[in-house]
Structure formats: C-alpha cells, structure tokens
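A short reminder: the numbers here are calculations on the coordinates, not readings from a lab. Keep in mind it's a predicted model, so treat the numbers as computed, not measured. Using ideal geometry, Cβ is built from the backbone for each residue, glycine included, and neighbour counts are taken over all protein chains shown.
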Amino acid sequence: MRKTPLYATLALASLCGLAQAQEDADLTISCGAVGTELTLCKQAVAAWEKDTGHRVDVVTTPNSSTERLSLYQQVLSAQSGDIDVMQVDVVWPGLLANHLADLNELLGEDAGAGHFETIIANNTVDDRLVAMPWFTDAGVLYYRKDLLEQYGFDVPQTWEELTDIATRIQAAEREAGNGKMWGYVFQGRAYEGLTCNALEWVDSYGGGTIVDDEGDITIDNPQAAAALDLAASWIGSISPDGVLNYTEEEARGMFQAGNAVFMRNWPYAWALSQSDSSDVKDKVGVSQLPHGPDGASAAALGGWNLAVSRYSENPELAADLVAYLTSEDEQKRRAIEASYNPTIPALYKDEEVLAAVPFFGTLYDTFLNAVARPSSVTMDKYGRVTNGFFNSVHQVLSGEQSGADAMAQLNSELQRLKRRRW
C-alpha cells in the first residue's frame, strides 16, 4: 500500500490540482492533460491493468509543457515517488536524466530496438536510456484543398508563395461574403510552440538552428532576420492579431471552423479535422512546410516519451507499463484512432495506418529528418535559450523590433549565457 507524503501531495495540488493517489494503487502515471491524448492513455492503462491485475492511477497535469516541467522538477527534486511514470518532452531527457531510471537496466539492452534510432539517441544520456519513445512529431502544413482548387493554386513550396496565395484567397473569400476568413494561422504565443515555428522559418531560410551541434551560437545572421521579418508581415495581414496568443488548439479551432486557408500544426490535428464535427471534413490536405528562397523545408522535431522516476517504489512494474504503452500494437492503435506519429518505422508501411493517415507515407522523410531544437547541446541551459528565443521572436512579430535587431540582441544574451558554459 503506497502512502503519499503530505508535502508532496500539497505541492502537487498547489501546482495543478492533482488528486491524491489512491492508496491501493500500485503505480501512478502522468500521461496527458485533457482531450484525446488523456483518453487514449487511460484506455491503454486499463488494458494493461486487465492483463496484469495491477492498479494504476492516471493523474492529470498542466496542459502547458512549461508548467508540466515545473511540476516534474519540483516532485523529482523532492525525491518523491508520487509519479512513477512521467510523460517527457523530447527536449527534456538531458534536463531530467539524473532523476530518471535506466530503462536498459529495467527492460534489457534491446529495449529501444525497432524505434527510430535518432529518438533513442536523443533519450540516451551518459549511456543510460532514460525514456522510451511514445510518439514523435514534426510540424506540417495543413491547407484547404477545396479552396486551392477553386482558385487555381498549387500547394505553396516557399513562404513567399504561401504569403501570396493566402493573401489572394483571403481577399476573394471576404469579397464573397466570408468576412471571417484568414490566410494563415500558426502558434504565435511566446512559449515553446513559437520556438518550433520560428526554428522552421529560420532553418528553412538557411539561417541555422539557433545553436549548432558544436555549441556555437549561429542565430545572428541575415537569413534568420529575413525569415522573421517575413513572418512579422503576416500579422494583421494574412494572420489575425490574435495569433500572437495562439497555441496549437487556438490555431486548430480557427482552421477547423473553416476560417483559415493554411495552418501550421502537428499531425494530431488531422484526425480532429476529419471528425464528423469538423467544418472542413474531407476538405483538408497536408504537406511539408514551405521554405525560403534558397533553403529547404524544415520541420521541428517534437514528440513525447515515457520515463520511470528513480524514486518509484515499483520501478520494474513501472517499466513494464512503459514497455506496454510504447509497444508496436499500442502505437498502431494511437496512429489509427488519433493520428499520433509512431516511433517505430515499420508502422509507416502498415496498410491500416496509411489508410487512416495517408500523409504518414508521403511525408515519411519529413518525420525522419525533422530538425531538433538545440536542447542536447545546451543541456540544462536550454530553458533559458528557448525562452530568450521565443521572446525575441515574439517582439519581432509584435512589431517592437526588426528581425536583425532582435537576433543581434539575442546573440548577446546567449553569448553571456554561454560564458558560464552550456
């Protein structure tokens, strides 16, 4: 019977309103906040409980990844075993590694076999596999295929083409009486999602990845500035002013209501756009993101993993649950039911998966070659790096600074941070 320390229970409750774990539970897992993600996890946990006879409490956490990380850091710093299994962002393994169990020890040296090697490498810190891949992500472009066909446009290949097509269709639709139509929606709030969007703009312009693999700061360059200046020109033009406060769900809501021509989002939005309640069902296409004049399409690497706390009272049992949730069968179910990208390459050739999510096949290379944020090289400084980046980008989008001035200032901030080493 597990007992939750009072200080830990109060900490959890104060941070996100988690209910106290029931004393008869063998494990506690954090694997989602709301909606489909949480529902799918609860279904899989229930199946594992039926197979094993063990009891698991599924606790909800903040939807914001930043707030969720703060919760985990507080719990782990207290060496509390309140959460046995944690949902870990792809940029967190280096940050949390010292608090996470080695899954190679718990599940065997071949624990990561069959998954994308790049994700296994990302989740391996000092030769310890600290998290198992659960689903991967990469940014993609959603578009209204009916509107492009109606107005005689092809899918844009460059950001300049997207800007032009979005402008023209938006104007035509408004003239036809659709006053709510906008050309392009994306994640513009000052948070991690903006880092992903802006990294895609910058890298696709040949402007690098903020900090390169050697740890050198590369963001202060003309290509990066040009990419951000173009994005700033969208605000109030083809993108509503409100996009400056959009996360994934606000952008999806606008697009799914039929009020946007283009949208940048993650693959999860596909299943929702094709639901019976969607105003754009069967009117949506998906492609790789556009690129700059001389660059190549860039999609930010996203995704989540499952990790076992070093402070779990039942680490072997927790690892068994992780192995079940990240298995091929479970990843296939999640792909078919909710378009979550598998981390197992074989599933991108599965006929049932491709029937449910056709672009998993056509955009396989996009998912395979997604651009990583510089979390591995900057380690525990990544939080400050990304915070500085998305705040600087937000100032450009808001019209407070030019791309060149903002990136020069960011470069100075990052250089000061690097003096104390990454």
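With no solvent and one point per C-alpha, what does the Debye sum give as log10 I(q)/I(0) for the chain at q = 0.07 Å⁻¹?
Taking Cα atoms of the chain as identical point scatterers yields -0.34.
Calculate, in whole percent, how much of the Cα-Cα pair population of segment 280-417 lies beyond 21 Å.
Summing the P(r) of segment 280-417 above 21 Å gives 63 percent of all pairs.
Show that you can apply the helix-only estimate: for the chain, add -39,500 (n - 2.57) for every DSSP H stretch of four or more residues, divide by all residues, and state [θ] at 222 nm to the nearest 500.
-13500 deg cm²/dmol
Could you work out the relative contact order of the chain, using alpha carbon pairs under 8 angstrom and six or more residues apart, expressed as a whole percent?
Contact order relative to length: 23 percent.
Show the residues, 5+ positions off or on another chain, whose built amide H is closer than 5 Å to the amide H of Val261.
Long-range HN contacts for Val261: Trp182, Gly183, Tyr184.
Using only alpha carbons, build the gyration tensor for segment 108-212 and give me the equivalent ellipsoid semi-axes, biggest first, whole Å.
The answer is 39, 16, 13 Å, longest axis first.
What's the FRET efficiency of Asp216 with Met379 using the Cβ-Cβ distance as r and R₀ = 25 Å, to the nearest 0.05?
0.95
Exposed loop sites here are trypsin sites (Lys or Arg not before Pro) in DSSP loop states with at most 15 other C-beta atoms within 10 Å. What is the longest stretch of the chain lacking them?
By the stated rule (loop sites, at most 15 other Cβ atoms within 10 Å), 282-419.
Test of understanding: what is the full-extension gain from Ala346 to Leu417, defined as 0.36 nm times their sequence separation minus their Cα-Cα distance?
Result: 21.4 nm gained on full extension.
Between Gln79 and Lys180, take the C-beta separation as r, use R0 = 60 Å, and let me know the FRET efficiency to the nearest 0.05.
Taking R0 as 60 Å, the efficiency between Gln79 and Lys180 is 0.70.
Assuming a viscosity of 1.002 mPa s and a temperature of 20 °C, what translational diffusion coefficient in µm² per second does Stokes-Einstein assign to segment 229-319, Rh being the Kirkwood radius over Cα pairs?
Stokes-Einstein gives a translational diffusion coefficient of 131 µm²/s.
Amide H to amide H, which residues 5 or more places from Tyr205 or on other chains are under 5 Å from it, using H placed in the peptide plane?
Those lying under 5 Å, H to H, from Tyr205 are Gly292.
What percentages make up the Cα-Cα pair-distance distribution of segment 368-412 when the bins are 5 Å wide from 0?
5, 22, 23, 20, 17, 10, 3, 0
Which GluC sites (Glu not before Pro) from segment 178-242 combine a DSSP loop assignment with at most 13 other Cβ atoms within 10 Å?
Glu214
Nearest 0.05, what FRET efficiency do Ala121 and Ser70 give at R0 = 25 Å with Cβ-Cβ as r?
Here the calculated transfer efficiency is 0.40.
Lysines within cross-link reach of Lys145: Cα-Cα under 30 Å, excluding same-chain residues under 8 positions apart?
In chain and number order, the partners are Lys180, Lys281, Lys283, Lys332, Lys349.
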